[in-house]
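Peer 1: Shown below is the structure under consideration.
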Amino acid sequence: MDPIMLSRIQYALTTIFHFFFVPLSIGLVLLVAIMETLYVVKGKEIYKTMAKFWGKLFLINFAVGVVTGILQEFQFGMNWSEYSRFVGDVFGAPLAIEALLAFFMESTFIGLWIFGWDRLSKKVHLACIWLVFVGTFLSALWILAANSFMQHPVGFEINNGRAEMNDFFALITNGQLLVEFPHTIFGALMTGAFVVTGISAYKLMKKQDVEIFRKSFNIAIIIALVSSFGVAFSGHFQAQYLVETQPMKMAASEGTWTTTEDPAPWTVVAFIDPDKQESTGEIKIPGLLSYLSYSKFSGSVKGMKELNAEYQQTYGPGDYIPPVRTTFWSFRIMIAAGGLMIVLALYGTFLAVRKKLEVAGKWFMRLMVFAISLPFIANTSGWIMTEVGRQPWTVFGYMTTEAGVSPNVSAGMILFSTIAFTAAYTVLGIVMVYLFVREIKAGPFAVDKPEDHDESADPFGVDGGYSVVTK
Amino acid sequence: MNRPIRSAWMEVIPLSLSELWFLLIAVLFVGFFFLEGFDFGVGMSTGIIAKTDRERRTLINSIGPFWDGNEVWLITAGGAMFAAFPHWYATMFSGFYLPLVVVLLALIGRGVAFEFRSKMKQQRWRKTWDIIIVVSSALLPFLFGVVFATFMKGLPIDGEMQLRAGFLDIVNPYTVIGGLSVTLLCLVHGLLFASLRTVGDLRERALKTAQKLMLPLASLLAVYALMTYFMTDVFAVRGWALWIMVVLGAVALALAAYFVRQKREGWAFGMTGAVIAIAFASVFIGLFPRVMVSSFGAAYDLTVYNAASGAYSLKVMTIVACTLLPFVLGYQIWSYYIFRKRLNEQHHLEY
């Protein structure tokens, strides 16, 4: 295989895996912070138990998110060194600021939060978890500022064959960032909320620690409701921004080969043939695409063939059409998952407010358990659409993905690292799910009973010994 | 592309912005090795001085609140290299591909091991994560030591700024001695940190082991300094400045040995920290103004001038860094203050 394909595969795998954990961390830490706030304000021990229980799950998840994040930073230099040379001046700055502003904050205050229950006053301890939330929030902001530059490059000029920053303010007020950040954050909050409602529903079905999980469900379902609407609206604005700045991505995600009639219909499903450059068997909703693109029921949307011809004039000969089927279907999967979550959040809130949650029958609870997968599906397909839809560009209009790869790294080396990271990530994934299930089954009151005996074995001792010390 | 960047206010501090960023990155790396150095050492020491599971947990908990924050120094140094010296970042990270794969795997394993090990009581579970902690805590300083040693010795960097290193360019007697020196230095530094944060037997054992390791450490560092004198050009380039560092380093190490003997672990810890700081500062002093030395000749060197970002970018970054650093340092110091007390085995342990 060639190094470019392998680097792409590695980037996709490691990024998708990393992005399972990031949104869940952001979402969970907000819920933990809310629960601890209720504890400090109301003084009821139950909220502390809740914060500690969900906090445990948060910490397991956070650990995996942190370690997989380090790889993300190194990867640019390792696999994409030409990209790094070309954009380091602009792209490196948000990454450095992310570390300085967000990572230090997260890591220090998470340490204080875990180990500080007995050493800090209630209010200071509470402030720590909120600062962790602020840290994750800022981290997302800066990493998306970097990503937005790739989608819609602003605030720079080309000097000596490199992109050099000339307007930092433009970089952080990038229109792409302003639509991408809210959408991602709402998605993250929704992820945390659906995980908590799903697990709570499971425990309520089993009638275990009912009070704790009813309260948890109620808090999380409100976040789910607010964020699911937030996701939908911010997604709508993002789509409109796409039509303006990356029409090719929009056309590909619609499977639109030729410029549409006016008003433009929205395609629900289609068979796409990238070789013949046509779509067949389409089911269409009239006028909807015009509305999604321009907030009115008129106006046509440009097709890929026309756009490709335009791009060839601007950027020279080449194929500027991204992998259409991937873009088209990931967009639809994202929307379907998002739509389902809105319905579930609405109905769940209705039940919670009417205090009919447990009477509503097991089917809804069971549905909520399955719904844990929905935000992950939506997050992943959303990113696939965003990143694959930008191809062949890595920095839109300025550098193709192929040009960014490291020239001095062989295919064998990338293959080796891809296998090594995939193996490590598979183990991590399995262990994490296992620990998650274990903590959930054990429940909130399985907190560290004092150990009456100390099982000890020294794997490095002379005897490789095993001894049990009874106190 | 050779364009030292100077602006008016720089008259006060006689540094161009790219020189200032070289200094900042040096400080970040020195800070990283000083801080993560002791948690690497404590990680290794769990396989050496802990006899029971409870003792091992006590050791891990002694670095529990800090190791993650310490690691961010490395991430920040990486980010700062990316932003301030894109060519340095790109050349180095793509050039050291395979060692970095191992570094990443070790960082991943070590990070989750701390979080995962105490989640279950089964012997096999804990043993597995314990081994990962010990191995990765030793492997990481070793690999970093090897990589930093190659910086001084020079590497095959071509006219395209591509590093095309073979196995022997990276692994050779000089770099292996460098790697071993860093590993042992971190181990002693970590043992002293452990003796600062524990009581009783564990503390005694940590001190005693540190004391035993002082002579081997001194010999290893002396060999490394000698090899550096004969095998690299840094003494020729920097002359007296490096000699001063060598003398300071020797004095700090002697003081560390003295304080260990006196059982004043706080001072001893400070002194091993000083040795680490002096050692890594020497690397950067020896390199400057180069960031990577090419074995093909000085024309191919990456320097703070030809590897740097543009003036505007450096200026923005300088303002951001100067604004944020005081806060970062402030709350990090505060967190060390909060967890200043010694841990004993009766304490509630989180990890």
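Just so it is clear, none of the values below were taken in a lab; they were calculated from the coordinates. The structure displayed is predicted, hence computed values, not measured ones. Ideal geometry is used to build each Cβ from the backbone, glycine not excepted, and the neighbour counts take in all protein chains shown.
Peer 1: Right, B:S62: in contact (Cβ under 8 Å) with a residue 12 or more places away in the chain, hydroxyl-bearing (S, T, Y) and over 28 Å from B:F167 (Cα atoms) or not?
Peer 2: The answer is yes for B:S62.
Peer 1: Residue by residue through the stretch B:129-155, note down the ones that are more than 9 Å from chain A (Cβ to nearest Cβ) and over 21 Å from the mean Cα position of the chain (by Cα).
Peer 2: Residue satisfying the conditions is B:W129 alone.
Peer 1: Considering A:K296, A:K305, which residue is outside any strand (DSSP E or B) and surrounded by fewer than 14 Cβ atoms within 10 Å (Cβ to Cβ)?
Peer 2: The conditions single out A:K296.
Peer 1: Right, next: Tell me yes or no: at least one residue of the stretch A:222-240 is surrounded by fewer than 18 Cβ atoms within 10 Å (Cβ to Cβ), touching a residue at least 60 places away in the same chain (Cβ under 8 Å) and in contact with an Asp or Glu (Cβ under 9 Å, 6 or more places away or on another chain).
Peer 2: Checked the stretch A:222-240: no residue is surrounded by fewer than 18 Cβ atoms within 10 Å (Cβ to Cβ), touching a residue at least 60 places away in the same chain (Cβ under 8 Å) and in contact with an Asp or Glu (Cβ under 9 Å, 6 or more places away or on another chain).
Peer 1: While we're looking at this one, here's another question. Being without any contact (Cβ under 8 Å) to a residue 40 or more places away in the chain, within 8 Å of chain B (Cβ to nearest Cβ) and closer than 27 Å to A:M78 by Cα is the filter; apply it to the stretch A:418-438 and report the residue that is surrounded by the fewest Cβ atoms within 10 Å (Cβ to Cβ).
Peer 2: This residue is A:A420.
Peer 1: Which residue pairs have Cβ atoms under 7 Å apart, sit 6 or more places apart or on different chains, and have a first residue in the stretch A:109-131 that is on the phi > 0 side of the Ramachandran plot and a second that is part of a helix (DSSP H, G or I) and of a type outside the set (V, I, T)?
Peer 2: Sorted first by the residue in the stretch A:109-131, then by its partner, the list stays empty.
Rundown of residues vs (1) surrounded by 15 or more Cβ atoms within 10 Å (Cβ to Cβ); (2) of a type outside the set (K, R); (3) at the interface with chain A (Cβ under 8 Å from one of its Cβ atoms), yes/no style:
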| site | (1), (2), (3) |
| --- | --- |
| B:Y312 | yes, yes, yes |
| B:K315 | yes, no, no |
| B:P326 | no, yes, no |
| B:L329 | no, yes, no |
| B:F339 | yes, yes, yes |
| B:H348 | no, yes, yes |
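Peer 1: Quick check on B:G111: is it closer than 24 Å to A:F58 by Cα and out of contact with any Cys (no Cβ under 9 Å at 6 or more places or on another chain)?
Peer 2: Yes; evaluated as a whole, the condition is true for this residue.
Peer 1: Taking the criterion of being aromatic (F, W, Y), in a helix (DSSP H, G or I) and within 7 Å of chain A (Cβ to nearest Cβ), would at least one residue in the stretch B:68-77 satisfy it?
Peer 2: Looking through the stretch B:68-77, none of the residues is aromatic (F, W, Y), in a helix (DSSP H, G or I) and within 7 Å of chain A (Cβ to nearest Cβ).
Peer 1: Out of everything in the stretch A:149-162 that is touching a strand residue (DSSP E or B) at 6+ places or on another chain (Cβ under 7 Å) and part of a loop (DSSP other than H, G, I, E, B), what residue ends up being nearest to the other protein chains (Cβ to nearest Cβ)?
Peer 2: Selected residue: A:G155.
Peer 1: Follow-up. Restricting attention to the stretch A:163-184, does a residue exist that is within 14 Å of chain B (Cβ to nearest Cβ), surrounded by fewer than 24 Cβ atoms within 10 Å (Cβ to Cβ), of a type in the set (D, E, K, R) and not in a loop (DSSP other than H, G, I, E, B)?
Peer 2: Yes, the stretch A:163-184 contains a residue that is within 14 Å of chain B (Cβ to nearest Cβ), surrounded by fewer than 24 Cβ atoms within 10 Å (Cβ to Cβ), of a type in the set (D, E, K, R) and not in a loop (DSSP other than H, G, I, E, B).
Peer 1: Every residue in the stretch B:93-132 that is among the basic types (K, R) and either in a helix (DSSP H, G or I) or closer than 28 Å to B:G79 by Cα (or both), please.
Peer 2: If the condition is that a residue be among the basic types (K, R) and either in a helix (DSSP H, G or I) or closer than 28 Å to B:G79 by Cα (or both), then B:R110, B:R117, B:K119, B:R124, B:R126, B:K127 are the ones that fit.
Peer 1: Hey, another quick one. For B:A279, only one of the following conditions fails: (1) more than 10 Å from every other protein chain (Cβ to nearest Cβ); (2) over 22 Å from the mean Cα position of the chain (by Cα); (3) surrounded by 21 or more Cβ atoms within 10 Å (Cβ to Cβ). What is its number?
Peer 2: Going through the list (1) more than 10 Å from every other protein chain (Cβ to nearest Cβ); (2) over 22 Å from the mean Cα position of the chain (by Cα); (3) surrounded by 21 or more Cβ atoms within 10 Å (Cβ to Cβ), B:A279 breaks only (2).
Peer 1: Go through B:L104, B:L163 for me and flag whichever is crowded, with 19+ Cβ neighbours inside 10 Å, within 9 Å of another protein chain (Cβ to nearest Cβ) and touching a Gly at 6+ places or on another chain (Cβ under 6 Å).
Peer 2: The conditions single out B:L163.
Peer 1: Checking B:F96 against (1) more than 7 Å from chain A (Cβ to nearest Cβ); (2) out of contact with any strand residue (DSSP E or B) (no Cβ under 8 Å at 6 or more places or on another chain), which single condition isn't satisfied?
Peer 2: (2)
Peer 1: Which pairs do you get when a residue that is within 12 Å of chain A (Cβ to nearest Cβ) and in contact (Cβ under 8 Å) with a residue 40 or more places away in the chain, found in the stretch B:38-52, comes within reach of a residue that is of a type in the set (S, T, N, Q) and outside any loop (DSSP other than H, G, I, E, B), reach meaning Cβ atoms under 6 angstrom, with the pair 6+ apart or on two chains?
Peer 2: Correct list of pairs: B:D39/B:N70; B:M44/B:S137; B:I49/B:T209.
Peer 1: Something else about it: Could you grab me the full set of residues in the stretch A:56-102 that are within 23 Å of A:A188 (Cβ to Cβ) and more than 21 Å from the chain's Cα centre (by Cα)?
Peer 2: Hit for the stretch A:56-102 is A:L100, nothing else.
Peer 1: Taking the stretch B:41-89 on its own, how many of its residues are touching a Gly at 6+ places or on another chain (Cβ under 6 Å) and of a type in the set (F, W, Y)?
Peer 2: 3
Peer 1: Quick check on my filter: what residues within the stretch A:405-417 are in a helix (DSSP H, G or I), surrounded by fewer than 20 Cβ atoms within 10 Å (Cβ to Cβ) and facing chain B (nearest Cβ under 8 Å)?
Peer 2: A:M413, A:F416
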